[in-house]
Every structure is written in structure tokens, then in C-alpha cells.
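Here's the structure we're looking at; comments come further down.
The values are calculated or read from the model by the stated rules, or taken from the named source; none is laboratory data. Computed from a predicted model, the values in this text were never measured in an experiment. Please note: Cβ atoms are built from the backbone with ideal geometry, for glycine as well, and neighbour counts cover all protein chains shown. For accessibility, only protein heavy atoms count, side chains too; no ligands or nucleic acids. Shrake-Rupley method; radii C 1.70, N 1.55, O 1.52, S 1.80 Å.
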Amino acid sequence: MKSFIKIFLAAGMTVAAIFTGCKNDSESENGIFYAQLRSFQEDAVYPLLVETDVTIPIGRFAYEEMVYAESGAEAVVEADMSLVEAYNSVNGTSYLPLPSGVYSLDKNTLTIDKGKKQSDLLYVTISPGRQLQTGAGYLMPVTIRSANGDVVFLNEAKKTIYVVFDATEYAKVYMVGADSEDPIFVANNRELVGMPILSVAYEGTVNYPSPVDVSFQADISLVTAYNIAHNTYYDPLPVNSWTFDFQSVTIRKGKNISEKVNVIVNPRVLKEGRGYLLPVTITTVTTNDPKFVPDEQRKTVYLLFYLEPNKAKSKWKVIDVSDYEESGNYGIPTNLFDNDPETLWHTHISAPIGVVQMPHFVAIDMVDSVRVYGLKFYNNPAYFVNGATDISAPRSVVFELSKDNTTWVEAHRVSSLPFVQIQFVEFPVAMIARYFRITVLDSYSQPYTSIAEIDVLSERSLDLRFVEPTRTNMTEHAEGYWEISPGGNDPYVFTTTLTADLREKNTVSFSFEYQSNTSITDGQIFYGVPNVSAAASSPADIQFQNTGINAANESLWKSFNFDLSDAVATHGWGDVGHRLRFDYTNSSSARMLIRNVKITYQDPDPAGDL
């Protein structure tokens, strides 16, 4: 049996008692006022501890139509345990009568004063004194024994309320939403936002003599276990990307739920289209009553953050294109901005025209003018399947920008792009533009080419490499990723040094993509100049989930992001020549693949002009 108390009105009885009085100007229909004993809170849920006294508001004497009567009315009420058997018979329950020495009403007469609609509240005080059986259900019917004034009771359901108690040893405190089968979904926008989504509660609204204070904290180490249990692949919400406006809340006297706490998230370190999980768990419950304890089954709530794919791309238009493959939708240029890296813009190859020769170009109208740091594009995933020989990925490319589709400026020219699945091409100067054009002059092996997806870069990045492996087995693969595993106790690798000063930059973060054959909970990042660590992250902040290992499987690659704002602001890190040390795990069986290691940031300076 659940441990709570329910209060509700009974139904199905037919006995009526009638009282009449003198007519006056505020009478209801037929000169009669209808009254009832009204429950304070229908279907309310209360904890009742077998060792704790508690006082509960249970109802009022009130006019049914909430009218005013000049003469007022009065009712005598009492608890009547003789009604328990009939209630159980009608409702198919087996509640026990509440023992007579356990309860007391604060009054037996309820008065509706002249000109009022209802009486003051009726309270019952429960003093269990260990006379109740833990887990047993008890019933206390409270009924109007007599009344006088301009009233008529319609039936027994209107003059009796039935208070149901389930006795328990403890009052369980829980995170609201923790009993959901799915995490609480939060679709985030692209600004720093605070969302009131956290609160704690216990079952009931009880006038306990003191408030209940509850502390909580985020615990991203729980993400891996959640993914395994639910067959999901959520990333932990990046470390230092969130804050709470309070780390504790109070369930105030007379309430069963706290006010909501804001979770403030910086979405700039999130990747579009990925799900990020933030587990929040109760750590302590403090009150004058030691019987209030965390509910172990519901003390943790899982918040799911999702950065919507770039909706601005839904407005993009192709305004010019050299050629494209027309068989079905296989190669149409609008595939470049459909948020699906599996679809392609592919230049023409089929009969009767056959292969169109280089160069190939596509021009896109973004509709809105935006600040462009560069472009990110995805190569055809078929290029990276083992044994692939038809490699037509772009190699020599010209990037142009325009404000009006008339005057075009060459933003960047690359003669030899690296052969990697995801290309990041940063322009020397960020510019405000509405249009961009990509012209492919040459591919790796064919006169045709293809690109899967394009995004505009809204920040700059520094590409880093892993070097100087210490007690680490490290192999750099031609496909653009590192494979690392421990070669002894306390293994680590360094990054290459910074080639830009980050001290005055905005939103500095360290990121990479990874696969791992095991869950890792003891990683750490040191900020150094270049070999001596100035400070370090908490080991609890660097967590990696078990994804499995398959370099070609895009669904396994997960993002890791770490906000370096504290390193820059507090620890003096971020000058040219500084670098990071990455300590990943002491587990001898661990193996990781890592790619796209970067520092990302935004310039505070205005963009250049076209």
C-alpha cells in the first residue's frame, strides 16, 4: 500500500435532511439555502508518520452555490467510525477505523456568519503514538450531525467527508519528474537562458511545524548508466555549461512542493541535433523531523537538453548551381542544407549528358545577413567506407561572399583541403554576408564532386593535435583520428601549443569527438604554460560514456565540450604558447578514438566589411 493520505467526498448515498428558516432578500431558489461539508482539498495526498503528530485542514461548512445568507448557519460535526463498514462495502476497500485515541477535531461547531459563504476551516490533529500499523489504511468519516439556519442538505455525500490515512515510517522526498519513464525534455535556443524546471516534493500538503530543506547537485557520472539501462546515446551536458540559481530549496510549512529552481544553460557549447543529459539528484534532506528522507527510487531527475538544428537553414535557397545529378533527389543542391549528412549535392554523372567537367559551383541565399567566420561542410560518407576508391571529395576550392548577389568577394581560397569527413574552413576575416558561393576547382580523383551538408561557422577555432604521449599508447590514423590507450599508471597526452591569444576572446571551450570501449569517470584536464600545470579540472567533470569502437560508424562518435572560461579568467591560461594536458583514465583496458580536437572562441571585434 502506498504511504499517503487521501481526502475526498463520498458518493452514492440517498438520505436527505431538511432544515428551513425564514425568507430574506438573499435567499436562493424556493427560499432555501443548500449547504454541505466541503473537503479542503479533494484527492489530496498526505504523508502520515506513525511517530509524528500532525494537524491537517480537512474541510469547511459551506453553501453549495456559494451564495450569501443574511441570517447565517451553524453545523455540529463529529467523527463517526460506524460509517467505515458501509464505505468499504460500497467502494470495495478494506480500511480500518481510525482508533479513537489517535485523532481530535479542533472544533465541533462550524459557523457560517451572517453575510458569509462558508465557515472557518475544520482541522484534525493526528497523534499516532505508535498505535497505527505501518502500511495499514485507516478511515475517519467526518459528518454533520445537526444543523440550523436557512439550509437543506441534498444527500449524505454532501454532509460527510471521508479521510483516508495510510500509515508509514517515513515521508519520502523526491525530485518532481523523477518517476517519468523518459527524461524531462528541454528544447534550448541559442542564447544563455534560465529555465524554471527543478523542484522537489513529498506526497501531501501537511502543516508540519517546520519547513523541509532539500539540497541537490548535478551528477553527470550517471549518464552512462542511464544510457545502458534505456538503450540511448545521450551525451553528458558539457561541464561548466550550466548553473543553478540555487543549490537548495525549501518546502515551506503547509506545502508539499518547493518553488522551481532555474537551470541556466549556455547553448554555445552544445552541438546542433544532439541530446545532452543532465542528471540532478537529492543529496540531503534537513528538517526537525528525522522521518523525512530522500526517496531512493525518485531522488534523481534526468533533464534532456536538445539544441534544435539550425532553423535558419530552413529559409536558405539555391540561387545558382553549375550542375547536379537529376536521378530522383539523389544529387539535388538543396540537400546541402537539409540537416542530414547522409544526403548529397552531387554533380552530374548520368546519361545522356554524362559527367560534367570541373569547375562546379553552388550559390546559396541565406535570406538573413549573418556574421560568417567560415564554412563547415561534410564530405560524402561513402568516401570513408573501407575500400572506397571513388574519391571525388573537393580538394581545391574557392569561397566567396556577397551582400547583394551582385558584388562577390573572395573570402578564402584553399588549394589542398585535407581529406577528412568534416571540413572546417575558416576565413582570414569574418564578414557580414547574405550569400555565399562555393566553387570546386578540383577533387581528389574524379572530374565530378559531392558535398553532403554545409553550415556557417559562427565562431573561430584552433585545431590542436595530441603530442608527447606519456605512459600512453598513441597512434595517429590517416583517417584523421587518434587511438590512445594507457601504457602505465597516470597516462596523459599534451595538446600542441596555442597559436592565438585567447585572453580577450569570448566563449572559449575545448572540444573533440570520441569513441570509447568503456565508461571513463576519472579524466582530468590541466592548464599549463606549457608543461607546469597552473590548475586542473575536477575529475568528476571529465566523463566519457561507453560508445563502442568503430571509427567509420558516425552514430558512435560523441561530442566532448569543456568550458575554459574559468581557466582564462581565474588561472591566467590562454596566452600563445600555453597548452592543455589531457589525463584520460588509469583503466588498463580502456581504448579511445579521438578526432577534431579544437579550441573554439568568438572574436570581440566587429566583422570585416565586404
Going residue by residue through region 487-496, the Karplus relation 6.51 cos²θ - 1.76 cosθ + 1.60 with θ = phi - 60° gives ³J(HN,Hα) values, rounded to whole Hz and with x marking Gly or Pro, of x, x, 6, 6, x, 7, 9, 9, 8, 5
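Take the alpha carbon gyration tensor of region 554-597, find the square roots of its eigenvalues, order them as a ≥ b ≥ c, and report rounded if a/c is under 1.5; if not, report prolate when a/b exceeds b/c, else oblate.
prolate
Taking the Cβ of residue 568 as the centre, find all other residues whose Cβ is under 11 Å away and add up their charges (Lys, Arg: +1; Asp, Glu: -1).
-3
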Straight-line reach from residue 313: which lysines have a Cα under 21 Å away, not including same-chain ones fewer than 8 places off?
271, 376, 403
Would you mind checking the pairs 107/158; 117/158; 260/598; 505/598 and listing those with alpha carbons more than 26 angstrom apart?
260/598
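Could you sort the peptides 438-449, 88-99 by per-residue average Cβ neighbour count (10 Å cutoff), highest mean leading?
Packing order, densest peptide first, comes out as 438-449, 88-99.
Can you figure out the FRET efficiency of residue 549 with residue 504, using R₀ = 35 Å and their beta-carbon distance, to the nearest 0.05?
Taking R0 as 35 Å, the efficiency between residue 549 and residue 504 is 0.30.
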Whole-Hz Karplus ³J(HN,Hα) for region 460-468, in order, using 6.51 cos²θ - 1.76 cosθ + 1.60 and θ = phi - 60°, x for Gly and Pro?
8, 9, 10, 6, 10, 10, 8, 9, 6
Near residue 426, within a Cβ-to-Cβ distance under 10 Å, what is the net charge of the other residues, with Lys and Arg +1 and Asp and Glu -1?
0
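May I ask you to compute the full-extension gain from residue 415 to residue 113, defined as 0.36 nm times their residue separation minus their alpha-carbon distance, rounded to one decimal in nm?
99.6 nm
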In region 78-133, which trypsin sites (Lys or Arg not before Pro) fall in coil by DSSP and have 13 or fewer other Cβ atoms within 10 Å?
107, 114, 130
Would you please put 293-301, 175-183 in order of how densely packed they are, using the mean number of other Cβ atoms within 10 angstrom per residue and starting with the highest?
293-301, 175-183
Filtered GluC sites (Glu not before Pro), region 379-471: DSSP coil and at most 15 other beta carbons within 10 Å:
none
Sorted by accessible area with a 1.4 angstrom probe, largest first, how do 603, 338 fall?
338, 603
Neighbourhood charge, 9 Å Cβ-Cβ cut-off, centred on residue 452 and excluding it, Lys, Arg +1 and Asp, Glu -1
-3
In whole Hz and in residue order, list the ³J(HN,Hα) couplings for region 97-109 that follow from phi through the Karplus curve 6.51 cos²θ - 1.76 cosθ + 1.60, θ = phi - 60°; x for Gly and Pro.
x, 5, x, 5, x, 9, 10, 7, 7, 6, 7, 10, 10
Accessible surface of residue 145 - all protein chains present, 1.4 Å probe, nearest 10 Å²:
120
Counting C-alpha atoms alone, how compact is region 335-387: give Rg to one decimal and Dmax as a whole number, in angstrom.
14.5, 42
